[in-house]
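K.L.:
For reference, the structure I am asking about is given below.
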Amino acid sequence: MPDLITHSAFAYALTRSQRFDRFRVIFYLGTVLPDVITRPFYIINPHLYPYTVAVHTPLFMILFCLLAAEFFIEPLRKPVRLYLLAGVFLHLFLDFFQRHIESGYLWLFPFSWKTFEIGLFWPETPLMLAPLWLTLIAAYEAIRLLRKKSD
Ligand SMILES: [Zn+2]
């Protein structure tokens, strides 16, 4: 799991287009959702680990997003579904590059208990890069503000 700052930084980089203006927050929520609804339970009670592994899967997250969108008024349900799912899949895509000591994420749960990953980095690697992501975002926003003032 890349940390939530890294997940959010990638979401930030991908949502600079005006197309995201109305639902950017929903996309951000999707990018952190798989970890937000699993990690606290696992950290508080490590015995819940098998349950949280099942929740941090594409199938469960799709069902969760479809259900969550139903809490919005009818005209917003479809875009909320779309942006929430897009955020979740960005999250899972980044997680796919992580390396695990033991078994990794169960991408095809409950159809398969096999796990596979690209294994490009250890979990702590993105955490060490988090200050870099925040600095890049701050620099980008500062330049954007300066350009806006000069116009
Ligand atoms: Zn994750």
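The values are calculated or read from the model by the stated rules, or taken from the named source; none is laboratory data. Note that the structure is predicted; figures quoted are calculated from it, not measured. Here Cβ is always computed from backbone atoms with ideal geometry, including for glycine, and neighbour counts include all displayed protein chains. Surface areas here come from the heavy atoms of the whole protein model, side chains and all, with no ligands, DNA or RNA. Shrake-Rupley method; radii C 1.70, N 1.55, O 1.52, S 1.80 Å.
K.L.:
With the requirement that a residue be under 25 Å from Leu82 (Cβ atoms) and more than 13 Å from the chain's Cα centre (by Cα), what does the range 40-59 give you?
P.N.:
Narrowing the range 40-59 to residues under 25 Å from Leu82 (Cβ atoms): 54-59.
Those that are under 25 Å from Leu82 (Cβ atoms) and more than 13 Å from the chain's Cα centre (by Cα): Ala54, Val55, Leu59.
K.L.:
Residues being among the hydrophobic types (A, V, I, L, M, F, W, C), touching a residue at least 40 places away in the same chain (Cβ under 8 Å) and within 16 Å of the ligand (Cβ to nearest atom): count how many of those fall in the range 58-88.
P.N.:
Total meeting the criteria: 6.
K.L.:
Looking at Leu120, is it of a type in the set (A, V, I, L, M) and open to solvent by 40 Å² or more (accessible area, probe 1.4 Å)? I'd like the intermediate steps shown before the answer.
P.N.:
Details: of a type in the set (A, V, I, L, M): yes; open to solvent by 40 Å² or more (accessible area, probe 1.4 Å): yes.
So Leu120 passes the test.
K.L.:
Mind checking whether some residue in the range 129-144 is within 13 Å of the ligand (Cβ to nearest atom) and open to solvent by 60 Å² or more (accessible area, probe 1.4 Å)?
P.N.:
No, that holds for no residue.
K.L.:
Do you know which residues across the range 106-115 are open to solvent by 30 Å² or more (accessible area, probe 1.4 Å) and aliphatic (A, V, I, L, M)?
P.N.:
Within the range 106-115, just Leu108 meets the criteria.
K.L.:
Any idea which residue in the range 1-18 is nearest to Glu102 (Cα to Cα), counting only those that are hydroxyl-bearing (Ser, Thr, Tyr) and within 13 Å of the ligand (Cβ to nearest atom)?
P.N.:
Across the range 1-18, the extreme among qualifying residues is Thr6.
K.L.:
Within the set of pairs 6 or more residues apart or between chains, which connect a residue that is closer than 18 Å to Ser8 by Cα inside the range 116-140 to a residue that is of a type in the set (Val, Ile, Thr) with Cβ atoms less than 7 Å apart?
P.N.:
From the range 116-140, the pairs are Pro126/Thr6; Leu129/Thr6; Ala130/Ile5; Ala130/Thr6; Trp133/Ile5; Trp133/Thr6; Leu134/Ile5.
K.L.:
Show me the helices (runs of 4 or more DSSP H) entirely contained within the range 24-105 in which 3 or more residues are surrounded by 13 or more Cβ atoms within 10 Å (Cβ to Cβ) and modelled with pLDDT of 90 or more. Lay out the reasoning, then the answer.
P.N.:
Values: elements: 24-36, 39-44, 49-55, 58-69, 74-95.
Per the criteria, 24-36, 58-69, 74-95.
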